[in-house]
1. Mean 1/r over all different Cα pairs, inverted: what Kirkwood radius does the range 151-298 give, in Å?
2. Return the long-range amide H neighbours of residue 255 (sequence gap of 5 or more, or a different chain), with a cut-off of under 5 Å between placed amide H atoms.
3. List the aspartates and glutamates whose Cα lies under 15 Å from the Cα of residue 262, skipping any in the same chain that are fewer than 8 positions away.
4. Among all the aspartates and glutamates, which ones have a C-alpha under 15 Å from residue 149's C-alpha, if same-chain residues fewer than 8 places away are not counted?
5. What nm value, rounded to one decimal, do you get for the distance between residue 191 and residue 122 when each label is placed 7 Å out toward the C-beta?
6. For the range 238-280, what is the accessible area per residue in Å² when the probe is 1.4 Å?
7. For the range 178-228, just say rounded, prolate or oblate: build the C-alpha gyration tensor, square-root its eigenvalues into a ≥ b ≥ c, call rounded for a/c under 1.5, and beyond that prolate if a/b exceeds b/c, oblate if not.
8. Among 171, 122, 192, flag the residue with its Cα farthest along the positive direction of the charge dipole of the range 114-194, charges on Cβ as +1 for Lys/Arg and -1 for Asp/Glu.
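The values are calculated or read from the model by the stated rules, or taken from the named source; none is laboratory data. All of these numbers come straight from a predicted model, not from anything done at the bench. In this analysis, Cβ positions are derived from the backbone assuming ideal geometry, glycine residues included, and neighbour counts consider all displayed protein chains. Keep in mind that these areas ignore ligands, DNA and RNA; they rest on the heavy atoms of the full protein, side chains included. Shrake-Rupley method; radii C 1.70, N 1.55, O 1.52, S 1.80 Å.
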Amino acid sequence: MRKPSRFRLPSRSRTLSRSRTLSRTWSLSLAAAVLLAGSGSALAGTGTGGSGSGGSSTADTVAARSGSSTAAKPTIVLVHGAFADSSGWSAEITAFQKKGYRVLAVANPLRGVASDSAYLDSFLKTVDGPVVLVGHSYAGFLISAAARKNPQVKALVYVAAYIPKAGESPADLTYRDPGSLLTGTNLVTRAAPGGVTDISINPATFGEVYAGGLSRRETAVAAVTQRPITAAALGEATTVDPPASVPKWEIVALDDHAIPPKTQFFMADRAGARVTTTHSGHDVPAARPEVVTDVVLKAARSIR
C-alpha cells in the first residue's frame, strides 16, 4: 500500500479550465481527486467490499414487494457511488418495499464514467414501466447520462451527488470550491491488473472525510468494506448534459467534506433541481435514510 502525494487544490481565483487541467494531470499522476462515494455497504456497515479490480464485484440486488398496488407505481432504481455497494441503501429499500414499490439496486462497477454509464443504460433496458432513478455522489454522472437514453426515466434524485454538464469530470466539480478533504494522505492508491490504479479513502480518516453522521462502530466497518474507484474515472469528463425535461431533486449534505456543500448548491441551481438540505456528512444514504426516503417518495408521487 502506498499513499499518494498531496494534491494541490485550486485556489478561489483559478478558473474552471484550470481545474480541468489539474484533474487530467491528477488522473495521470494518480495523485488526487477522488470521486465520492456511493453509499454502499461501507456506509451501512453491513455489506462486503469488493476488490474493485474489474467489472462489477457486487451482484445486483433486486428487491421487489409483491402486491396488486405495485404495478401502478414506478420502479425505484438506486445507484451507489464509490467506496460502497448496493447494501448501503438497505434502510431505504425496506421503506420503499413497505410502501409497495418495486426496488432495484444496481452494482456500480466504478471503472469509468463512460463504461459505468453504459452498464447502467443496459440495466435500465431490462426494466419495464416508469423509473425514478436515484444516484449518490459519483453516480450522479451515471444517472444523468443514462436518463438521456432511457425515456422511461421520469424523475432523477441526486443524493449529495454530482449534477454535471458536458465536459466536466468528478475531479473538476470536487475541487471547484474549497472544502473537499479528498486530497493527499486521505487517499490511498493500489495497483490493479491491466495498469489500473484504484483509489480508496484512508481508513484512518474515513469518518472525517466520508462517513460523518455514522456511529463509531459503523464507521469502522465502512472504512474496511469500502470499494475503490479507478483514478481514471475521477478525471474522466462526461459528454452529455442531464436531460432538461426530466424533473430533478437534489439532497444537499450541509456537513459534507467530500463534495463541498457550496458546489452541491451550485449544481442544483444550475440544473433547476428542487433542493432539500440535511445535516450530514457525505454518506447521506446511510446517515440520513429517512431524508432520502422522503425525497424519493415525493419524486415517485410526482409521476402521473
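1. The answer is 16.2 Å.
2. 280
3. The reachable aspartates and glutamates, counting only those whose Cα sits under 15 Å from residue 262, are 172, 177, 250.
4. 116, 121, 128, 241
5. 2.9
6. On a per-residue basis, the range 238-280 sits at 43 Å².
7. Here the range 178-228 falls in the oblate category.
8. Toward the positive end, the furthest listed residue is 122.
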